[in-house]
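S.K.: Sharing a structure below in structure tokens format, with a few things to ask.
The values are calculated or read from the model by the stated rules, or taken from the named source; none is laboratory data. Owing to the predicted nature of the structure, the values given are computational and were not obtained by experimental measurement. Reconstructed Cβ throughout: ideal geometry from the backbone, glycine too, with neighbour counts over all protein chains shown.
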Amino acid sequence: MVETVRYTYRLRPGRQAQAALLDEWSRCRWLWNEAVHQQNSGRKPTFGKLSKLLTETRSRLAWLRDGSQVAQQQTLRTYAAALGASFTIEGRGRPKKKRKKDALPSLEYTTRGFRIRDGRLHLPNKVTVPVAWSRELPSSPTSVRVYRDNLGHWYASFVVTHDRAETPEADLPGIGVDRGVKTTAATTSPGFDLPHLGHHRRCAAELAKAQRRMARRRRRGSQPQSKGYLAAKRQAARISKKAARQNTHDARAWAKRLTDHHALIAVEDFKPKFLTKSRMARKAADAAISACKKELIERGTRAGRKVVLVPPAYTTMTCSGCGERANHRLGLGVRTFECPACGYTADRDLNAARTILATAERDRASADDVRHRIASFRGGSGAV
Ligand SMILES: [Zn+2]
């Protein structure tokens, strides 16, 4: 089976190439902001309309014509897609203006706009950039995104097709996954829990040190910051980035192992919306589990496993032994679930994960049916 994926490489642009990329970015940013301006003045700019406008504007403005038409068109295409998504996907805001001081450069090129020759990435206007080929591209790419991160590093992210590795036969039937209190994710299969990702904690001391250094070197008022301050700031960003990368790696490895072994994956359908009132530490843990679940759902679906999303209502209060729902919500401090009806006791996280799995197994038809089922549990009296 063939699938589309991204392969990302570090770029090492020279001074000239970097200046050219930033010029290209400022033209594209200007176009993006023009489109936002149109949208704010009540028009609904579609890609078709914007594309026509681009042709007109390019014939009028020489400085815009100096830039790559492919990159400019892609900017508007991305904009139109973001605007379209904001109408259909809940919680997705309208595209906003990109400000020079904080928007990170990002350029997109389709096959017409780039070429790879002699190990270098060739872009329009004779811009060539050496690529650090950390691994081989599996096929010739259909598009590339060139971007700079907050550390000032440039990357090229190529879209390629490759043969998907076969997922092995599942040797275990089903697994329920819940966000844990003691762990990042609690599961029903022993050995598959995801412990708290500790890299952030390990880096925390280092990060605190860098932040203290920043505070010491900070200049008050409107004077520009010193080189020492900027160096400390860069280091702090480098440490957090490293921690984030390690967390992503661990989450991916976990999702792969879980997917390889299980035929049915039941995950709590968790909406970050409910969390607005929770504490900071809880928020960080919730962000971690959200990222892990997203990875798990994507990987599971891609591997052809049955993935069921179970609504989070009552999962911590329902007995996984008999299905009876307790009257009270379990506080976060309560570690053990005890069923008043049948006397079943289990670790709270394990009970919740088992309830999620049992709900998914009871109704394998679709996620929506499961949702309906839970809502009508015990006479449908309980609105959440
Ligand atoms: Zn019970």
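Every residue, every condition in (1) exposed (fewer than 14 other Cβ atoms within 10 Å of the Cβ); (2) within 26 Å of residue 151 (Cα to Cα); (3) of a type outside the set (Phe, Trp, Tyr), yes or no:
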site: 48; (1), (2), (3): yes, no, yes
site: 61; (1), (2), (3): yes, no, yes
site: 68; (1), (2), (3): no, yes, yes
site: 72; (1), (2), (3): no, yes, yes
site: 77; (1), (2), (3): no, no, yes
site: 106; (1), (2), (3): no, yes, yes
site: 114; (1), (2), (3): no, yes, no
site: 119; (1), (2), (3): yes, yes, yes
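S.K.: Please state which of the following conditions residue 315 fails to meet, knowing it meets all the rest: (1) within 16 Å of the ligand (Cβ to nearest atom); (2) modelled with pLDDT of 85 or more.
M.R.: For residue 315, the exception is condition (2).
S.K.: Before we move on, is residue 299 surrounded by 14 or more Cβ atoms within 10 Å (Cβ to Cβ), assigned by TED's automatic domain parsing to the domain that holds residue 185 and touching a strand residue (DSSP E or B) at 6+ places or on another chain (Cβ under 6 Å)?
M.R.: Working: surrounded by 14 or more Cβ atoms within 10 Å (Cβ to Cβ): yes; assigned by TED's automatic domain parsing to the domain that holds residue 185: yes; touching a strand residue (DSSP E or B) at 6+ places or on another chain (Cβ under 6 Å): no.
No; evaluated as a whole, the condition is false for this residue.
S.K.: Can you tell which of 341, 326, 353 is at pLDDT 90 or above and within 16 Å of the ligand (Cβ to nearest atom)?
M.R.: Working: 341 fails: at pLDDT 90 or above; 326 fails: at pLDDT 90 or above.
Just one listed residue meets the conditions, 353.
S.K.: With respect to the numbered conditions (1) at pLDDT 85 or above; (2) within 16 Å of the ligand (Cβ to nearest atom), which one is the sole condition not fulfilled by residue 377?
M.R.: (1)
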